[in-house]
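The values are calculated or read from the model by the stated rules, or taken from the named source; none is laboratory data. In this text, all values refer to a predicted model and were calculated from it rather than measured experimentally. Note that we place each Cβ from the backbone using ideal geometry, even for glycine, and neighbour counts take in every protein chain shown.
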Amino acid sequence: MPSIRWRYDLYVLEKLNVQKMTDEQHRFVEDMGQHMVGWGLARNTGRIWAYLLLRQAPSSLDRIAADLEVGKSSASVGTRQLVALGLARAIGERGSRRLLYDGLYSLEAIFAARNAQARDLLARFRQGARVAPHGPGRDRLEEISDMLQEFIEHAPEVFQRLRERRRS
């Protein structure tokens, strides 16, 4: 349970951290929003994540909505999705319904979500390989299937090694 002092410090940082984004930061937020669409996230969810990654302190829904010029409901949906994916955390205040959101850098969470889509893609490749006539087309589909299968199987090991390397 965070101390009262810690919650107060977060509140002060939230109030003091009201500067507008620079043009470069705004471009980063917009580019990330567009990029994350390709990863299966809504554009605003990607924008919110980029915004949170840039912030010096956790942000309220009101601050996120105002700075990104989106509705509070859109900010709420986006932050909930980020929390569910492990890309943000919600910090509650005792005795209040108000939450502050902090962006987390978790490529593992992104890849875990993408692995579900990768498994679907793998099933389509395997299906194509089964129905393709013998020859180069079938060979390509089988090779792609095998490579994707190996990636899916080894991704958790890679992330485990990265976590261990960061700890040492």
Practice item. Go over the candidates Asp31, Asp120 one by one and state the one that is under 30 Å from Met147 (Cα atoms), surrounded by fewer than 16 Cβ atoms within 10 Å (Cβ to Cβ) and at pLDDT 95 or above. Key: Asp31
Review point. How do the pairs read when you match residues in the stretch 151-168 that are in the same structural domain as Gln117 (by TED's automatic domain parsing) with residues anywhere that are among the hydrophobic types (A, V, I, L, M, F, W, C) and surrounded by 10 or more Cβ atoms within 10 Å (Cβ to Cβ), using Cβ under 8 Å and keeping only pairs 6 or more apart or on different chains?
Key: Phe151/Ala118; Ile152/Ala118; Ile152/Leu122; Ala155/Phe111; Phe159/Leu107; Phe159/Phe111
Practice item. Only one of these is assigned to a loop (DSSP other than H, G, I, E, B), of a type outside the set (Phe, Trp, Tyr) and either at pLDDT 90 or above or in the same structural domain as Met36 (by TED's automatic domain parsing) (or both): Arg94, Arg126, Arg80, Arg138. Name it. Key: Arg94
Review point. Does at least one position in the stretch 50-66 carry a residue that is closer than 22 Å to Ala116 by Cβ and either surrounded by 13 or more Cβ atoms within 10 Å (Cβ to Cβ) or out of contact with any Ser or Thr (no Cβ under 8 Å at 6 or more places or on another chain) (or both)?
Key: no
Review point. How many of the residues in the stretch 18-50 are in a loop (DSSP other than H, G, I, E, B) and closer than 15 Å to Leu82 by Cβ?
Key: 4
